[in-house]
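Presented below is the structure to which this report refers.
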Amino acid sequence: MNKQGKLYTIIFTFIVSFVFVFVLAFANDVTKERVEINEKLFEVRAFLNAMDIVYGTDEEALDIFEGLTEEKIKETTLYSTTVENEKIYAYRFSGNALWGTVNGVLAVNEDVTRVIGLDIISHNETPGLGGRIEEKWFRDQFRNEKISENGISINIGGDGDYNHENSEFDSITGATNTSQSMKTIINNAIKKLKDLLGSDE
């Protein structure tokens with residue numbers, strides 16, 4: 001009787017486990033395509049936001065993105081378009097911050113003397129601290145920011161530097177390390193763009 005009880009338990013556990021795994025696999029298969037679409041949309045919106053291109057629906061964003069020019073320069077992919085007679089380029093960057101990799105998009109003008117905009121695709125920074133790099137107030141500091149010979153500098157503290165002629169931005173309070181990392185990431189992206197677009201001084 002005890003053996004039968006053990007056999008029943010083993011069979012029951014196996015069946016439950018099999019059903020559970022099957023349901024998870026089915027759910028993953030069903031949602032996989034939708035997840036991939038959402039990830040693509042998130043990246044598309046980041047490119048358009050960085051390039052300061054206005055869009056409405058997701059469908060409109062995809063249509064506008066498809067209209068951008070994809071350029072391969074030195075095996076690096078850039079996206080470009082012309083806005084108000086000015087050609088702008090967008091570059092997908094990646095760099096290390098405090099807790100992991102930050103992926104985003106930096107857009108600049110053709111001679112790499114101004115940042116058109118910045119947007120974040122993904123990061124692993126602490127919510128409420130370093131994670132605030134994705135907030136609008138932080139990203140808006142870089143909108144149309146002048147690029148100095150030394151790139152972009154950082155001010156520790158502050159509530160946001162919106163003087164776009166001083167080539168500076170304010171750090172996030174309580175997240176100095178992440179802010180310093182963002183300075184390095186952005187300046188590395190600027191250096192890369194100068195090299196790609198022939199604007200290296």
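The values are calculated or read from the model by the stated rules, or taken from the named source; none is laboratory data. Just so you know, these numbers come straight off a predicted model, no measurement behind them. In this analysis, Cβ positions are derived from the backbone assuming ideal geometry, glycine residues included, and neighbour counts consider all displayed protein chains.
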Scan of region 62-94 for residues that are in contact with a strand residue (DSSP E or B) (Cβ under 6 Å, 6 or more places away or on another chain) and of a type in the set (Gly, Ala, Ser), ordered by number: Ser80, Ala90, Ser94
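Have a look at Thr76, Thr101 and point out the one that is closer than 26 Å to Asn144 by Cβ and surrounded by 12 or more Cβ atoms within 10 Å (Cβ to Cβ).
From the options Thr76, Thr101, the qualifying one is Thr76.
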Selection count where residues are closer than 18 Å to Ser171 by Cα, assigned to a strand (DSSP E or B) and not charged (D, E, K, R), scope region 107-147: 4
All positions within region 136-176 that are at positive phi and touching a Phe, Trp or Tyr at 6+ places or on another chain (Cβ under 7 Å): Gly160
Of residues in region 32-73 being β-branched (Val, Ile, Thr) and under 22 Å from Ala189 (Cβ atoms), the one surrounded by the fewest Cβ atoms within 10 Å (Cβ to Cβ): Thr69
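Residues of region 109-156 being β-branched (Val, Ile, Thr), modelled with pLDDT of 95 or more and surrounded by fewer than 17 Cβ atoms within 10 Å (Cβ to Cβ), which ones? It would help to see each step written out before you state the result.
First, pick out the residues of region 109-156 that are β-branched (Val, Ile, Thr): 112-113, 115-116, 120-121, 126, 133, 147, 152, 154, 156.
Those left that are additionally modelled with pLDDT of 95 or more: 112-113, 115-116, 120-121, 126, 133, 147, 152, 154.
Correct list: Thr113, Thr126.
For residues that are assigned to a strand (DSSP E or B), closer than 30 Å to Leu129 by Cβ and not hydrophobic (A, V, I, L, M, F, W, C), tally how many sit in region 57-106.
Summing the residues that are assigned to a strand (DSSP E or B), closer than 30 Å to Leu129 by Cβ and not hydrophobic (A, V, I, L, M, F, W, C) in region 57-106 gives 8.
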Among (1) within 21 Å of the chain's Cα centre (by Cα); (2) at pLDDT below 95, the one test that Gly198 misses: (1)
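Here is a yes/no grid of residues against (1) more than 27 Å from Glu39 (Cα to Cα); (2) touching an Asp or Glu at 6+ places or on another chain (Cβ under 9 Å):
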{"site": "Val108", "(1), (2)": "no, no"}
{"site": "Glu149", "(1), (2)": "yes, yes"}
{"site": "Asn155", "(1), (2)": "yes, yes"}
{"site": "Ser171", "(1), (2)": "yes, no"}
Where a residue in region 85-97 is farther than 13 Å from Ala189 by Cβ and its partner, wherever it lies, is modelled with pLDDT of 95 or more and assigned to a strand (DSSP E or B), with Cβ under 7 Å and at least six apart: Glu86/Asn109; Lys87/Ser80; Ile88/Ser80; Ile88/Thr81; Ile88/Ala107; Ile88/Val108; Ile88/Asn109; Ile88/Ile116
